[in-house]
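First comes the structure, then the notes that go with it.
The values are calculated or read from the model by the stated rules, or taken from the named source; none is laboratory data. Please read all numbers here as calculations on a predicted model, not as lab measurements. Backbone-built Cβ (ideal geometry, glycine too); neighbour counts: all protein chains shown.
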Amino acid sequence: MTIRAFKSILPVLLLLSTLVRAAETRIYRETTGGREEIHTYIVNPTDSGYTVRLVRQGGNTRIEEEMETDASFSTLKWTYRDEAKKTDLSARRLENRIELTGNFAGEPIAKTFKIDSGPWKQLFSIDFEPLARGPEKSTRFWSIGTAGPGRMKIAGFTFKIAGEESIDWRGKKVRAIRVRIALAGLLSIFWHGDYWFDAADGRYLRYRGKGTGGAQSTKELQEE
C-alpha cells in the first residue's frame, strides 16, 4: 500500500478504533417532566457489526428492543416489545426498503417503507457515535416512530455537528461534541434535540430536547 493510499483510509481506521470492541453495558437515566426511566444498553460486537439489547424501565413501563447493526451502528434488523400496550414489532432492511410486521396496540400491522440509500438509525442514542466522530459535519438518516404523531411512520432526519463545548458531567468538566438532530426539512420546527458525545472517545453522554407528549426530556449516562 502506498503512503498516499494509507493516508486516505487513516480517518476510517481511527474511527473504527473508537467503536465498541468488547461486550459492554451502559446505563442511562431519562427524565421527562416528573417521570424517570432507566435505559440499559447491552452491546455485543459481531463479525460484521453489533447486536444491541435495550431495556427501558420506569414505573409500570417495560419496553424491550433488540437490534442487529452494521459496523457503523446503522440498523439492519429491529424488534420492539411493550407487553402493557400489546405491542410486538419486527422490522428489517432490504436494500432501499424497510419491512415492518407484528402487532401494534393489539392490532395486526404490516407496512413497507420505501427509503433511499441513507442509514436507518433506530436507537437514537449510541448509534450516533460513529457519525459524531466521523469526518462529515452533517448527514440524513431514517427512523421509525414508536410514539406521538409519528408512531408507526417513517421519517427523514438530519444530523448536524454544532461544535465542541465544555459540559459538566458526573462532577467534572468534559470536552464534548454537540450534535443537533431534527426532523428533515420544514418539519424541523416540530422536533429537534441536542446530543453530546465525549470528544476524547465518542461515548454518548447526554440528550436534551422534547420527550413523548412534548415535555422537556434529559437523558444522561450514569454507569458503564
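Checked against (1) more than 24 Å from Thr218 (Cα to Cα); (2) in contact with a strand residue (DSSP E or B) (Cβ under 6 Å, 6 or more places away or on another chain); (3) among the basic types (Lys, Arg), Arg81 meets all criteria but (1). Among the residues of region 182-224, just one is at pLDDT 95 or above, touching a helix residue (DSSP H, G or I) at 6+ places or on another chain (Cβ under 6 Å) and either loosely packed, with under 14 Cβ neighbours inside 10 Å or among the small types (Gly, Ala, Ser) (or both), namely Ala182. Within region 146-161, being modelled with pLDDT under 95 and surrounded by fewer than 15 Cβ atoms within 10 Å (Cβ to Cβ) holds for Ala147, Gly148, Pro149, Arg151. Taking the conditions exactly as written (closer than 23 Å to Arg53 by Cα and not in a strand (DSSP E or B)), does Phe124 satisfy them or not? Yes: the conditions hold for Phe124. Filtered by the rule that a residue be in a strand (DSSP E or B), more than 19 Å from Arg151 (Cα to Cα) and in contact (Cβ under 8 Å) with a residue 24 or more places away in the chain, region 59-103 gives Thr69, Leu76.
If you go through region 24-51 and keep only what is under 14 Å from the mean Cα position of the chain (by Cα), buried (at least 18 other Cβ atoms within 10 Å of the Cβ) and over 14 Å from Lys219 (Cα atoms), you end up with Val43, Tyr50. Are any residues in region 173-217 among the small types (Gly, Ala, Ser) and farther than 22 Å from Thr31 by Cβ, and if so, which ones? Hits for region 173-217 are Ala184, Gly185, Ser188, Ala199, Ala200, Gly202.
Of all residue pairs spaced 6 or more apart or on separate chains, those with beta-carbon atoms under 7 Å, a first member in region 136-164 that is over 18 Å from Glu107 (Cα atoms) and of a type in the set (Asp, Glu) and a second member that is modelled with pLDDT of 95 or more and in a strand (DSSP E or B) are Glu164/Arg175; Glu164/Ala176; Glu164/Ile177. Across region 134-168, the qualifying residues are those that are closer than 24 Å to Gly202 by Cα and in a loop (DSSP other than H, G, I, E, B), and the one among them that is nearest to the chain's Cα centre (by Cα) is Gly134.
Scan region 171-224 for residues that are touching a Ser or Thr at 6+ places or on another chain (Cβ under 8 Å) and assigned to a loop (DSSP other than H, G, I, E, B) and the total you get is 6. Annotation note: of Leu123, Leu54, the sole residue that is under 25 Å from Ala184 (Cα atoms), surrounded by 13 or more Cβ atoms within 10 Å (Cβ to Cβ) and either in contact (Cβ under 8 Å) with a residue 60 or more places away in the chain or more than 19 Å from the chain's Cα centre (by Cα) (or both) is Leu123.
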